[in-house]
């Protein structure tokens, strides 16, 4: 499920991003995305490809990874984020939820550290 008011569009921040064409209230689930899980061996292979920057750590010990379908991999990073993601390891789903009210035309951001206010450097910024 992707809220019908969401779209992918050019982002002034990073290539493309997820935007809304209508206001969205705080604490609203805007996307429920199935994921393709990768075991430890598959994760090691994918980490050597361009997909590395689009996968998420997965599993209770973060040893696996997943590829999220839908728009999930298109949300850009920002701290503080205006959305957060939640992982359901039992159903292989990811949820995107707004943290505050979102204005029409606004870009939606998640924090790649999985903590909305974490402003530490990202793995691709430290190389």
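Brief remarks follow.
- Residue within the stretch 27-43 that is under 23 Å from residue 121 (Cβ atoms) and touching a residue at least 12 places away in the same chain (Cβ under 8 Å) present: yes
- Residue check for residue 35: more than 17 Å from residue 109 (Cα to Cα), under 14 Å from the mean Cα position of the chain (by Cα) and buried (at least 16 other Cβ atoms within 10 Å of the Cβ): yes
- Some residue of the stretch 49-63 being crowded, with 19+ Cβ neighbours inside 10 Å, more than 10 Å from the chain's Cα centre (by Cα) and within 28 Å of residue 4 (Cβ to Cβ): yes
- Per this entry, residue 44 is not counted among residues that are farther than 13 Å from residue 107 by Cα, at pLDDT below 95 and either within 15 Å of the chain's Cα centre (by Cα) or not in a strand (DSSP E or B) (or both).
- Positions within the stretch 6-20 being surrounded by 13 or more Cβ atoms within 10 Å (Cβ to Cβ) and either more than 17 Å from the chain's Cα centre (by Cα) or within 14 Å of residue 83 (Cα to Cα) (or both), in sequence order: 6, 17, 18, 19, 20
- Inter-residue pairs, beta-carbon under 6 Å, first modelled with pLDDT of 95 or more and in the stretch 48-73, second surrounded by 14 or more Cβ atoms within 10 Å (Cβ to Cβ) and part of a loop (DSSP other than H, G, I, E, B), 6+ apart: 65/55; 67/55
- Residue list for the stretch 47-79, filter: in contact with a helix residue (DSSP H, G or I) (Cβ under 8 Å, 6 or more places away or on another chain) and more than 29 Å from residue 106 (Cβ to Cβ): 63, 64, 65
The values are calculated or read from the model by the stated rules, or taken from the named source; none is laboratory data. Bear in mind that the values here come from a model prediction, so they are computed numbers and not experimental data. All Cβ positions, even for glycine, are placed from backbone atoms using ideal geometry, and neighbour counts span all protein chains on display.
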